[in-house]
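Here's the structure we're looking at; comments come further down.
The values are calculated or read from the model by the stated rules, or taken from the named source; none is laboratory data. Here the structure is a predicted model, which means the values were calculated and not measured. Backbone-built Cβ (ideal geometry, glycine too); neighbour counts: all protein chains shown. Side chains included, ligands, DNA and RNA excluded: accessible areas come from the protein's heavy atoms. Shrake-Rupley method; radii C 1.70, N 1.55, O 1.52, S 1.80 Å.
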Amino acid sequence: MAALQFTIEQKDSGSRARAGRIITDHGEIPTPIFMPVGTVGSVKAVTQQQLKEEVNAKIILGNTYHLYLRPGLDVLEQAGGLHRFNGWDRPILTDSGGYQVFSLAGSRKITEQGVVFQSHIDGSSHLFTPENVMDTQRTIGGDIIMAFDECPPGGSEYQYAKNSMELTHRWLDRCISRFTETSDKYGYTQNLFPIVQGGVHTDLRKASCEYISSKQAVGNAIGGLSVGEPIDKMYEICSLCCDHLPLDKPRYLMGVGTPWNILEAIEMGVDMFDCVMPTRNGRNAMLFTSNGIINIDNKKWEKDFSPIDSGIDCAMSNYYSKAYLRHLMKSKEYLGLTIASVHNLAFYLWLVTKAREHIVAGDFASWKAGMVIQLQQKL
RNA sequence: GGGCAGUUACCAGAGUGGCCAAAUGGGGCGGACUGUAAAUCCGCUGUCUUUCGACUUCGGUGGUUCGAAUCCACCACUGCCCA
């Protein structure tokens with residue numbers, strides 16, 4: 001059993017994009033990659049079989065905060081970790097709960113020691129520290145686990161962002177200490193990714209990248225983006241981070257994003273992505289297709305019996321019609337949620353696979369320029 | 001034949017003299033969603049107008065009143081009960 005390895009197989013000639021491969025004990029991950037989000041150990045409305053056979057997912061996410069609250073660590077430990085528990089035998093990445101510091105801002109308190117959360121399930125209080133978040137992620141059993149960070153809102157002003165970043169750095173040191181002191185729990189290697197913060201402030205981001213880089217982790221994450229800042233700022237900061245993070249380690253842009261966001265970031269040299277958008281928006285009737293965006297609730301699809309998306313290689317997307325999916329969504333049938341989610345995820349995986357092919361072929365930038373426009377069209 | 005209840009916008013259903021273009025729910029239409037407190041949330045849903053506002057609506061006709069979805073008379077239709 002070995003630590004995560006990353007190899008770059010091909011660099012794009014016209015941009016910073018790269019085609020690589022991550023090797024973990026649970027299998028290989030070609031990059032760039034999109035990772036479906038399975039917060040509570042389930043990619044909502046999608047089975048693990050569908051993730052493999054229809055979506056072609058290589059790695060999925062789980063969330064520390066949610067899994068800690070339910071089913072709880074005793075269940076996960078007795079199950080033998082999340083892989084055994086949910087039947088997903090490919091790699092898993094667990095987020096640390098840092099995002100919940102942002103999204104549950106109304107029911108948590110941050111101190112130097114850590115964060116006290118009030119459970120969204122029953123209101124009970126729980127203290128998360130860098131140390132116990134490492135222990136918890138060890139127990140959940142992610143192949144890649146994330147440092148515990150504070151994710152400040154996109155509009156945070158300089159001083160807040162600076163304090164927040166410095167806190168995240170101190171927490172990182174504590175995460176690394178605890179992570180180093182403890183062992184892999186289930187026989188395969190677990191790998192820690194630190195997270196860059198610094199808001200939308202370039203000097204903070206640069207400093208954070210340098211600090212994070214000095215830790216020489218096997219991979220690095222860019223956090224604190226797509227949290228309310230203008231989209232141009234997101235691109236600017238992402239690009240800057242890619243200039244200051246190690247070239248030979250995978251870069252993970254957390255929580256991003258739209259298909260065109262992902263293409264832009266790939267061009268900057270990002271290798272890994274996750275986002276709830278394909279699943280959540282899918283459940284809410286928004287489909288991403290190789291031709292553009294569809295609101296499947298719109299009446300215009302009522303009698304459109306053509307496949308959902310014949311431009312990608314997902315069997316489900318080619319089998320079911322837009323009219324049928326609209327009917328299912330309008331009728332609030334569970335199957336509609338599944339088809340929409342599977343399709344959107346398959347599209348995202350198709351997109352990063354195509355991106356990789358074009359990087360290898362050496363024409364990524366020109367292909368991307370056309371796709372960014374095409375994918376945003378409202379059909 | 002007699003008695004009682006009812007008829008409101010796409011549907012269901014409040015409203016019983018002015019604060020009613022008319023509650024609420026459903027349906028319809030549109031939008032939002034970026035490390036998931038989300039199968040959620042937000043608009044619009046008589047006509048014209050960007051707004052202000054104007055106009056036409058509450059089974060039909062006529063009436064009472066300054067003013068009627070609301071009161072009265074007759075008519076039409078529906079449901080239940082008694083013969």
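In chain A, what % of DSSP beta bridges are antiparallel (nearest 5)?
Working: 23 of 45 bridges.
Around 50 percent antiparallel, to the nearest 5.
Send over the per residue convex hull volume for chain A, Cα only, as a whole number of Å³.
129 Å³
Does anyone have the angle between helix A:202-214 and the longest principal axis of chain A? Alpha-carbon axes, 0 to 90°, nearest 10?
So the helix axis and the longest Cα principal axis differ by about 70 degrees.
Residues of segment A:222-367: accessible area per residue at 1.4 Å, in Å²?
The answer is 38 Å² per residue.
In sequence order, what are the phi-derived ³J(HN,Hα) couplings for segment A:26-38 according to the Karplus relation 6.51 cos²θ - 1.76 cosθ + 1.60 with θ = phi - 60°, rounded to whole Hz, with x for glycine and proline?
In residue order, the calculated couplings are 9, x, 9, 10, x, 10, x, 9, 10, 10, x, 8, x Hz.
Please tell me the relative contact order of chain A in percent, rounded to the nearest whole number, where contacts are Cα pairs under 8 Å and at least six residues apart.
Values: 784 pairs, mean separation 73.0, N = 379.
Across chain A, relative contact order equals 19 percent.
What is the Å³ per residue value for the convex hull set by the Cα atoms of segment A:246-372?
In segment A:246-372, the Cα hull volume divided by residue count equals 100 Å³.
Plugging the Kirkwood radius over Cα pairs into Stokes-Einstein for segment A:154-212, at a temperature of 37 °C and a viscosity of 0.692 mPa s, what D comes out in µm²/s?
Rounded to a whole number, D works out at 259 µm²/s.
What does segment A:65-112 give for Rg and for Dmax, in Å, if only its C-alpha atoms count?
Using the Cα atoms of segment A:65-112, the pair Rg, Dmax is 13.3, 37 Å.
Give me the Å³ per residue figure for the convex hull around the C-alpha atoms of segment A:119-175.
119 Å³
Give me, ordered by chain and number, the residues 5 or more places off A:Gly38 or on other chains with an amide H under 5 Å from its own placed amide H.
HN-HN under 5 Å from A:Gly38: A:Leu61, A:Gly62.
Length gain on complete extension for the stretch A:Asp297 to A:His120, per 0.36 nm per residue less the alpha carbon to alpha carbon distance?
Going from the current span to full extension adds 60.7 nm.
Give me Rg over Rh for segment A:1-106, both radii from the alpha carbons and Rh done the Kirkwood way, two decimal places.
1.03
Highest mean first, what order results for A:131-144, A:158-171 on Cβ atoms within 10 Å? Walk me through the numbers before you get to the answer.
On the way: A:131-144: 23.6, A:158-171: 18.6.
Answer by packing, highest mean first, reads A:131-144, A:158-171.
For segment A:59-158, compute Rg over Rh where Rg is the Cα radius of gyration and Rh is the Kirkwood radius from the inverse mean 1/r over Cα pairs. Kindly include the intermediate steps, with their values, before the conclusion.
Numbers: Rg = 13.8 Å, Rh = 14.0 Å.
Radius of gyration relative to Kirkwood radius: 0.99.
Quick one: which residues, 5 or more positions from A:Gly154 or on another chain, have an amide H under 5 Å from its amide H? H modelled 1.01 Å from N in the peptide plane, none for Pro or chain starts.
Result for A:Gly154 returns A:Val227, A:Gly228, A:Glu229.
Once phi is turned into θ = phi - 60°, what whole-Hz ³J(HN,Hα) does the Karplus curve with 6.51, -1.76 and 1.60 give for every residue of segment A:231-240, x standing for Gly and Pro?
5, 5, 5, 4, 5, 4, 5, 4, 4, 4
Report ³J(HN,Hα) in whole Hz for each residue of segment A:111-125, in order, from the Karplus equation J = 6.51 cos²θ - 1.76 cosθ + 1.60 where θ = phi - 60°; Gly and Pro get x.
Once θ is set to phi - 60°, the couplings for segment A:111-125 become 10, 4, 5, x, 10, 9, 9, 9, 3, 6, 8, 10, x, 5, 8 Hz.
Show that you can apply the helix-only estimate: for chain A, add -39,500 (n - 2.57) for every DSSP H stretch of four or more residues, divide by all residues, and state [θ] at 222 nm to the nearest 500. Numbers along the way, then the final one.
On the way: 14 runs with 158 residues, N = 379.
Computed mean residue ellipticity for chain A: -12500 deg cm²/dmol.
Once amide H atoms are built 1.01 Å from N in the peptide plane, which residues 5 or more positions from A:Tyr320, or in another chain, come under 5 Å H to H?
A:Ile308
Heavy atoms only, probe 1.4 angstrom, no DNA, RNA or ligands counted: give me A:Arg356, A:Arg178, A:Arg84 ranked by accessible area, highest first.
These residues rank, largest area first, as A:Arg84, A:Arg178, A:Arg356.
Could you provide, to the nearest whole Å², the per residue accessible area of segment A:70-131 with probe 1.4 Å?
Ligands and nucleic acids excluded, the result is 48 Å² per residue.
Once R0 is set to 41 Å, what does the formula 1/(1 + (r/R0)^6) return for the Cβ-Cβ distance between A:Glu357 and A:Gln159, expressed as a FRET efficiency to the nearest 0.05?
Once the sixth-power term is evaluated, E becomes 0.35.
On a 1.4 Å probe surface of the protein chains, which of A:Asp271, A:Asp232 comes out largest in accessible area, and what is the full order?
A:Asp232, A:Asp271
Considering only Cα-Cα distances, which of the following residue pairs are longer than 32 Å: A:Lys11/A:Lys206; A:Lys185/A:Lys233; A:Lys44/A:Lys215; A:Lys44/A:Lys162?
From A:Lys11/A:Lys206; A:Lys185/A:Lys233; A:Lys44/A:Lys215; A:Lys44/A:Lys162, over 32 Å: A:Lys185/A:Lys233; A:Lys44/A:Lys215; A:Lys44/A:Lys162.
Give me the percent of the accessible area of segment A:133-196 that comes from carbon and sulfur atoms, probe 1.4 Å, all protein chains in place.
Exposed carbon and sulfur together represent 50 percent of the surface.
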